[in-house]
Amino acid sequence: MGFQVLGGLVFLALIAHQIFKRYETYSIRAHLALLLGPPVLASALLPSSYTSIHAPLLCHLTYLGALSAFVILYRLAPWHPLARYPGPPGAKLSKWWMACVSLSGYEHLYIHKLHEKYGDVVRFGPNELSIRSASAANPIMATAAGVPKGPQYVGRMLSESDANLPLIGVQNVDEHLRRRRPWNRAFSATAVKGYEETIARRGRQLVDALERQKGVGEVVLGKWFNFFAYDFMCDMAFGGGSELLRDGDDANVWKVLDEGMVAGTFLGHVPWLGVYLSHIPAAVAPLHTLISHCKALTSKRIQNVSSRRDLFHYLNNEDLPEKGVVPLRQLTDDGCLAVVAGADTTSSTMTSLFYCLLTHPEAYERLQIEVDKFYPAGEDVADSKHLADMEYLNAVINETLRLYPPVPTGSQRQVPRESQGATVDSIFLPPGTSVTVQAFSVHRDPRNFFPHPDTFWPDRWLFASSSSSSSSPSLSAPETFVHNVDAFIPFALGPMNCVGKNLALQEIRMVVCAVMQRLEFSLREGWNPEEYERGFKAHLVASRPAVPVIVRTRA
């Protein structure tokens, strides 16, 4: 009788593995039923010769051991649907492998090295591929029939339901398109034009704050960009509520955000753990603190109706004749998303941009000449009429985004389990396969950008557009020149891309001009630029390594 029960447990473990493999549910109840139900039931069926302690222990060890063996065998077996694709055995075996890699902040470099070793398609999870191919980016992300968002958003959002999530976490394609409509209106060209006054006001405040730092020694540039970006996005999302540029960050807002990014990256690799932690108050206390803060700002913004058309104006459908009622939780979640995502990415990009300029003096000088041409002393930098004509500025921004994309690891997608699979760039993706086109690797692939794929070289954008009025007369396009614009994906692609792209670019243009019109920076003597390369990490978004500068007012 005992051996029959144990044999039955092995069979049930096989059935449980098939259920997990097919549905990959994140339901805690389902997990408890599948993991504990069979051994608990079997314990009661064992003969009385087994002690009350030995029976449950034996049943659990047998069942969980068999289940683990089936999982390991299947994931490493030649009949696994992704067996043909190379990758580290540890990564094929468990997502815990990449979860641990992500803690270092160098996940993008790790995957980049895997591509250098294995080729364009790398298996870096039991059911996950990274594809280093520009031609794969469009069919995966850029079309309405593209691949939906993947399970990493379940872990990052601490929920598998689309009901109470900010826009970025909504996986259902139809629901995402519905929720995105007000965002699309909010970031149209006309709407972004209306935000320029707020950008200019915060930009002047940033320049004033930096100017007060002259003569006090080195200044950590990224800190001030953090303050600017957070204050500006609070203006956009809630009509105000933050004054870090004025008061400093005594509440450690950015420390909380950075720690949250580390946790979110880790949980993106083990989504089920995020669902579990959501039921532990102590684990989600920092998140609830942020949500409570945003909820208070949301309620205040609803009560104090603003005449200014900020982001909240559109999220609350105030621009529509019949706006309807938008749930408070949705407004709060989307407001939090706007602040966190908008502040982090633009701050990171502006820090990287000035790092690139300061380590390439010729580029700094050329951009300074262009800024002085269009915005000489006394010219109103709040007037954006010249920005489109500033070819070198836009080349510098694009080159910064190419080398240091704000989301280096890209955006995960997953082929629907109920589908027949998908073929992308001659690569068949079985149902349930997660896939990522990592911006960092694609941007530095010499087949996409050559020469100098790993070097800051803004002229590539001028040569590509045949618009070289801003480039040095002594420069000419190299004999072998590759510039694949389809491989430039810093904001992802398609209907689920970064909706705030237009605002972010305009924000960066205006701030760079405002800063360079009045101030000049120089690196602290003795600082090693390699420290920035070592410090450039990715926890959801790129980090902001310290760039110590000396600030001077321009004559």
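Read-outs: derived from the displayed coordinates by stated rules, not from any lab. All of these numbers come straight from a predicted model, not from anything done at the bench. Counting neighbours? That spans all protein chains shown, and the Cβs are built from the backbone with ideal geometry, glycine included.
With the convex hull drawn over the C-alpha atoms of the chain, the volume per residue is 177 Å³. Each of PHE449, PHE491 has some number of other Cβ atoms within 10 Å of its Cβ, and from fewest to most they run PHE491, PHE449. Gyration tensor over the Cα atoms of the stretch 298-398: the corresponding equivalent ellipsoid has semi-axes (square roots of 5 times the eigenvalues, largest first) of 38, 18, 11 Å. Hydrophobic long helices, here whole DSSP H runs in the chain with Kyte-Doolittle means of at least 0.0 and Cα atoms spread over 15 Å or more along the helix axis, are found at 2-23, 28-45, 54-76, 221-238, 253-269, 281-303, 328-358, 391-403, 501-518. When the chain is described by a simple charge dipole with +1 on each Lys and Arg Cβ and -1 on each Asp and Glu Cβ, the residue from HIS269, ALA542, VAL216 located farthest towards its positive end is HIS269.
Computed from the Cα positions only, the extents of the stretch 158-202 along the three principal axes stand at 40, 21, 10 Å, in decreasing order. In terms of packing, defined here as the mean over residues of other Cβ atoms within 10 angstrom, the peptides 79-85, 402-408, 106-112 line up highest first as 402-408, 106-112, 79-85. With bins 10 Å wide beginning at 0, the percent of Cα pairs of the stretch 61-129 falling in each bin runs 21, 47, 25, 7, 0.
Counting only DSSP beta bridges with both residues in the chain, the antiparallel share comes to about 90 percent.
Taking the centroid of alpha carbons for each part, the stretch 395-430 and the stretch 520-554 are 29 Å apart. Principal semi-axes of the equivalent ellipsoid, √(5λ) from the alpha carbon gyration tensor of the stretch 429-555, are 29, 23, 17 Å from largest down. Computed over the alpha-carbon pairs of the stretch 189-324, the distance histogram in 10 Å steps reads 10, 31, 30, 23, 5, 0 percent, short to long.
Using the alpha-carbon positions of the stretch 110-218, Rg (one decimal) and Dmax (whole number) come out as 20.9, 56 Å.
For the stretch 1-115, state the average projected area of the convex hull of the C-alpha atoms over all orientations, rounded to one decimal in nm².
Across all orientations, the stretch 1-115 yields a mean hull projection of 9.1 nm².
Residue farthest toward the positive end of the dipole of the chain, with Cβ of Lys/Arg at +1 and Asp/Glu at -1: which of MET390, ILE28, ALA91? Value computed over the given set: ILE28. Sorted on the mean count of surrounding Cβ atoms within 10 Å across their residues, most packed first, peptides 173-181, 231-239, 544-552, 6-14 read 231-239, 544-552, 6-14, 173-181.
For each of TRP527, TRP461, count neighbouring Cβ atoms within 10 Å of the residue's Cβ, then give the residues from fewest to most.
Listing TRP527, TRP461 from fewest to most nearby Cβ atoms yields TRP527, TRP461.
Ellipticity at 222 nm from helices only: DSSP H runs of n ≥ 4 in the chain, each -39500 (n - 2.57), divided by the residue count, give -17500 deg cm²/dmol.
Ratio of alpha-carbon Rg to the 2.2 N^0.38 Å globular estimate for the stretch 156-266, to two decimals, please. Relative to the rule-of-thumb radius for its length, the stretch 156-266 sits at 1.33. Placing +1 on the Cβ of every Lys and Arg and -1 on the Cβ of every Asp and Glu, with no other charges, gives the chain a dipole of roughly 1380 debye about its Cα centre. Among ASP334, ASP459, ASP258, sorting on how many other beta-carbon atoms sit within 10 Å of each Cβ, with the fewest leading, yields ASP258, ASP459, ASP334.
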